[in-house]
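J.: Below is the structure I would like to discuss, written out as structure tokens.
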Amino acid sequence: MKFLYRWVLTLFLVSVCYYSFAQAGYAIRGKVSTDNTIPAEGATVTLLKYPDSAIIKSTICVQGGHFGFENIKPGSYMLFIHKLGYQRVYTQEYKVIDGDIAIDNITLHIESNQLGEVLITDKRDYIEVKPGKTVLNVDKSILASGNSVFDILSTAPGVRIVDNQVLLKGGQKALVAINGKAIGQLNDEQLADLLKSYQSSMISQIELIENPSAKYDAAGGGGVINIVLKKNKEIGFKATVTESAAYGQDYKLSTGINFNYRTAKLNLFGGYTFADNKTPRLLDIDRNIGPTSLGENYSSTTYLKNHSFNGGADYSIGTKQTIGALIYGYHSGAGIDKGNITNIANNGVLDSDITENSHINRAITNLNYNLNYRGSFGKGDGTTLSADLDYSTYDRSSEELLRNDFFLANGIPYQQPVYYIDNSPSHINVRSEKLDLSQALSKTGTLSLGIKNNQVNSNNIIDFDGMADTATKFTPVASLTDHFVYNERIDAAYVNYSDKFNNTSLALGLRAEQTKSFSESLNPNKTVNRSYLDFFPNLEITQDISKDNSLTLNYNRRILRPNYQDLNPFVAYIDEYSYSTGNTFLKPEYISTFSIAELFKQKYKVALNMVVTSGFFVPVFLQNDSTKVFTTTTSNIGTRHEYSLEFTLPIDITKWWTASLYLFGGYDRLDYNSGSLRVNASDFTIQATQDFTIAKGLRLEVYGSWESPTYYGIKQYNAQWESRAGISQAILNNNGTIRLAVSDIFNTDEYKYNSHYMNLDLNGREKAGSRFITATFIYHFGNQSIKGAAKRVGGNMDEQNRLKGSGNEN
């Protein structure tokens, strides 16, 4: 494999050098101005072959109205210049023989029939349905302003958030990425914290990709949720400042800036957001074990200060070659105050209770680096070559001080308090190299090939010390002290073929991934070595039934590997009856998805899906009836079959009132590994977003959702519903916006469930702070012309996402 990478890298470098020198030639440069001698910045200049007017290449006038074409072969050429509001210009013939061409100023004349100022606005909807994916244009939503990515995803069509897990298609865990690159090796709770730290002001779009091609990592059963950071393509400077404050169930504050500066060759972009949040969380679990009942009432308040940032540059080293660099990440400091009371009763009579109080000081730093190259070569740019080098680090420090007190029913202590201190640092790094080659085989056919390597090293320590109230110093608790190491390497290769035959489009792909992993826990001594080769096919057939109607058939097979911390066997202590831990022997799950979808007028979509998941794993509760100890872990529990029907329906009710409806109906069958146990369940979801244009610059947005009672994993959930509303007013000549929004208006956003899995008899309720009134001010300055955002995709998508870890992490 090392030889193969060296050979490919050598070929890549030789190709770059060859094409760079082979394209050497002459230059045509000039300047364009308007009638009043103002530089025509942003005007489009197209180089045409003379006399047949064949298009050679295009560019845009930069600062001062200057433009230029490099590496021009000898021959005869002419220019075509156009700019909105001005007459189009065709120039004379220019002969390139043995030197560069310098063109005197070209003047654009205003259109004689110009009636006045022309205002161009972006007409994109908040929710756009496209073949194979749904796009959320975040800037278009009032309710997204001042909110985090986590809040936005909780209202996205087809997305469910259960126990801080981000799910697609009715319950498949999604691969979450930023600019195509997964966002941090955190457990589910920490992933939620991270998504809460990325504010809407940094986000351009969120893409819900349903059937990723074989070019993507095979991870993520429900598809890919790709968060696209802001990055403008317009020439000049552009910046946006956003200030937001929320008050309700505690508070949220954020401030951020995003900027972009672009010339003909160089693009600089970046953003920074600071967030200061205080949020509460409640968790109640009541268990029955014969005549004994245990009621656990948990509450916490998190004080989070988060700095998130991104920055990068793209540089054109030729007309068809670009190199780039990207860095993004976050640093968060959190203080968490926790309180827990466990009431123990026998035959309905209170016997005793245990109180636990603790404080956690935690800091997390996640840094992601990417170097990339992209080039187009050959006739009609039929050959494209791209390369990515990625490196990511995740460092966490966490110190917790706990105190347990023990009381009889009358409030008298029956033993001395017990104190614990745990220190659990974690360090993970991920390295990735990726090379992709695409070759046009015909006018419609393309063949793509690629290879990729990922290497992960994870080092985790937990030092757990205890002390009774009568003792004078802390001493190690051997059963809770451990050291866990995890190393993994994934070598992957893929091939894709796409073509179109009359009204039928075809895409075929196959991805192979060789995984080798080693995990070791020192207390107790556990070692797990694994090596497995998997193949992941992908098929998509689209038939154009008419101009406005198309039918698409999809099939793909994917894998969901455990998060690194899901494998970590560290024990998180809550009290003498409640623990959580990882599972070193957890195996991947495999997901096969079949889907047929009809798209009408590029807006209305109906899809029928079947998803089969083998090795299905979820967080489960394990209960020892004799000791009453309750342990949360993650386990492979069986095979899940899901059948669903979904509708996406944007509706233009009037000129001033539009709506977007998402309807989902599903049927689940879960066959457990344990004997003949089987569960059948149904699920219905309705999501509606309505937009009202009240007056010029004044808009109202209303959102509501309802989900029927449903079963997932080992829990039967009650019905859920919530609503949100917001109003927006444009100010300062449309350069500024004031928005006011209310989330979870009726304070109904909570999870209530029960479980009778194996020997369990429990009821639970989880409620996080969700009702806030948020005021947001947004101001744009610089060049505000709107064009599509450019995106750069990094290379280690899957491994970064698995940094999410487990909800069992300390």
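The values are calculated or read from the model by the stated rules, or taken from the named source; none is laboratory data. Keep in mind the model is a prediction, meaning the values are calculated, not measured. So basically every Cβ, Gly included, is an ideal-geometry build from the backbone, and we count neighbours across all protein chains shown. Areas reflect the complete protein model, heavy atoms only, side chains present, ligands, DNA and RNA absent. Shrake-Rupley method; radii C 1.70, N 1.55, O 1.52, S 1.80 Å.
J.: Condition (residue is touching a Lys or Arg at 6+ places or on another chain (Cβ under 8 Å), closer than 30 Å to W656 by Cβ and buried (at least 17 other Cβ atoms within 10 Å of the Cβ)) applied to region 708-725: is it met by at least one residue?
T.: Among the residues of region 708-725, not one is touching a Lys or Arg at 6+ places or on another chain (Cβ under 8 Å), closer than 30 Å to W656 by Cβ and buried (at least 17 other Cβ atoms within 10 Å of the Cβ), which makes the answer no.
J.: Oh, and also: How many residues, within region 540-555, are part of a strand (DSSP E or B) and surrounded by fewer than 17 Cβ atoms within 10 Å (Cβ to Cβ)?
T.: Quick first cut of region 540-555, residues part of a strand (DSSP E or B) only: 540-544, 549-555.
Those left that are additionally surrounded by fewer than 17 Cβ atoms within 10 Å (Cβ to Cβ): 541, 543-544, 549, 551, 553, 555.
Count: 7.
J.: Looking at region 27-68 only, could you name the residues that are at positive phi and in a loop (DSSP other than H, G, I, E, B)?
T.: Listed by number, the residues that qualify are T37, G42, S53.
J.: When region 355-389 is examined, which residues are found to be of a type in the set (D, E) and within 25 Å of the chain's Cα centre (by Cα)? Reasoning before the result, please.
T.: Filtering region 355-389 for residues of a type in the set (D, E) gives 356, 381, 388.
Hit for region 355-389 is D388, nothing else.
J.: Go through (1) farther than 29 Å from Y373 by Cα; (2) in contact (Cβ under 8 Å) with a residue 60 or more places away in the chain; (3) not aliphatic (A, V, I, L, M) and name the single condition Q416 misses.
T.: Among (1) farther than 29 Å from Y373 by Cα; (2) in contact (Cβ under 8 Å) with a residue 60 or more places away in the chain; (3) not aliphatic (A, V, I, L, M), the lone unmet condition for Q416 is (2).
J.: So is T393 hydroxyl-bearing (S, T, Y), touching a Leu at 6+ places or on another chain (Cβ under 6 Å) and at pLDDT 90 or above or not? Don't jump to the end; show me each part of the working.
T.: On the way: hydroxyl-bearing (S, T, Y): yes; touching a Leu at 6+ places or on another chain (Cβ under 6 Å): yes; at pLDDT 90 or above: yes.
The answer is yes for T393.
J.: Looking only at residues in region 551-568 that are out of contact with any Gly (no Cβ under 9 Å at 6 or more places or on another chain) and at pLDDT 90 or above, which one is farthest from P588 (Cα to Cα)?
T.: Out of the qualifying residues, it is L551.
J.: To continue, here is another question. Going through region 561-596 one residue at a time, which ones are more than 30 Å from E400 (Cβ to Cβ) and in a strand (DSSP E or B)? Break it down stepwise before answering.
T.: So in region 561-596, the residues more than 30 Å from E400 (Cβ to Cβ) come out as 587-596.
Selection gives E589, Y590, I591, S592, T593, F594, S595, I596.
J.: Another one. Could you figure out which of (1) more than 29 Å from R362 (Cβ to Cβ); (2) modelled with pLDDT under 90; (3) of a type outside the set (F, W, Y); (4) open to solvent by less than 30 Å² (accessible area, probe 1.4 Å) isn't true of L760?
T.: Result: L760 fails condition (2) only.
Matching residues to (1) modelled with pLDDT of 80 or more; (2) open to solvent by 70 Å² or more (accessible area, probe 1.4 Å); (3) not in a loop (DSSP other than H, G, I, E, B):
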site	(1), (2), (3)
N71	yes, no, yes
M78	yes, no, yes
Q92	yes, yes, no
Q114	no, no, no
R124	no, yes, no
V129	no, no, yes
V135	yes, no, yes
S145	no, no, no
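J.: From I541, I490, I461, grab the single residue that is of a type in the set (V, I, T) and within 27 Å of S397 (Cβ to Cβ).
T.: Working: I541 fails: within 27 Å of S397 (Cβ to Cβ); I490 fails: within 27 Å of S397 (Cβ to Cβ).
Just one listed residue meets the conditions, I461.
J.: State which residue is farthest from L661 (Cα to Cα) when the search covers only region 682-707 and only residues that are more than 26 Å from the chain's Cα centre (by Cα) and not small (G, A, S).
T.: Applying the first criterion (more than 26 Å from the chain's Cα centre (by Cα)) to region 682-707 yields 682, 692-700.
Restricting the remaining residues to those that are not small (G, A, S) gives 692-694, 696, 698-700.
Numbers: F692: 15, T693: 18, I694: 21, K696: 25, L698: 22, R699: 19, L700: 17 Å.
If we take residues in region 682-707 being more than 26 Å from the chain's Cα centre (by Cα) and not small (G, A, S), then K696 is farthest from L661 (Cα to Cα).
J.: Further, regarding this structure: Working only within region 446-482, note down all residues that are open to solvent by less than 30 Å² (accessible area, probe 1.4 Å), in a strand (DSSP E or B) and touching a residue at least 60 places away in the same chain (Cβ under 8 Å).
T.: S448, G450, K452, N453, N454, V456, S458, N460, I462, F464, D482
J.: Among residues belonging to region 45-69 that are at pLDDT below 85, among the hydroxyl-bearing types (S, T, Y) and within 38 Å of the chain's Cα centre (by Cα), point out the one that is most open to solvent (accessible area, probe 1.4 Å).
T.: S58
J.: Tell me which of these K443 doesn't satisfy, since it passes every other one: (1) under 28 Å from R374 (Cα atoms); (2) surrounded by fewer than 19 Cβ atoms within 10 Å (Cβ to Cβ); (3) within 31 Å of the chain's Cα centre (by Cα).
T.: All conditions pass for K443, except number (3).
J.: Among the residues of region 284-331 satisfying the criterion of being part of a strand (DSSP E or B) and among the charged types (D, E, K, R), which is farthest from V629 (Cα to Cα)? If you could, list the steps in order and put the result at the bottom.
T.: Looking only at region 284-331, we keep the residues that are part of a strand (DSSP E or B), and these are 284-289, 292-318, 321-331.
Keeping just the survivors that are among the charged types (D, E, K, R) gives 284, 286-287, 296, 305, 314.
Details: D284: 16, D286: 13, R287: 11, E296: 12, K305: 35, D314: 56 Å.
The selected residue is D314.
J.: Given the criterion closer than 30 Å to Y247 by Cβ, surrounded by 15 or more Cβ atoms within 10 Å (Cβ to Cβ) and either in contact with a Phe, Trp or Tyr (Cβ under 8 Å, 6 or more places away or on another chain) or of a type in the set (A, V, I, L, M, F, W, C) (or both), identify the matching residue among A695, A688, A681. Steps first, answer last, please.
T.: Working: A695 fails: surrounded by 15 or more Cβ atoms within 10 Å (Cβ to Cβ); A681 fails: closer than 30 Å to Y247 by Cβ.
Result of the check over A695, A688, A681: A688.
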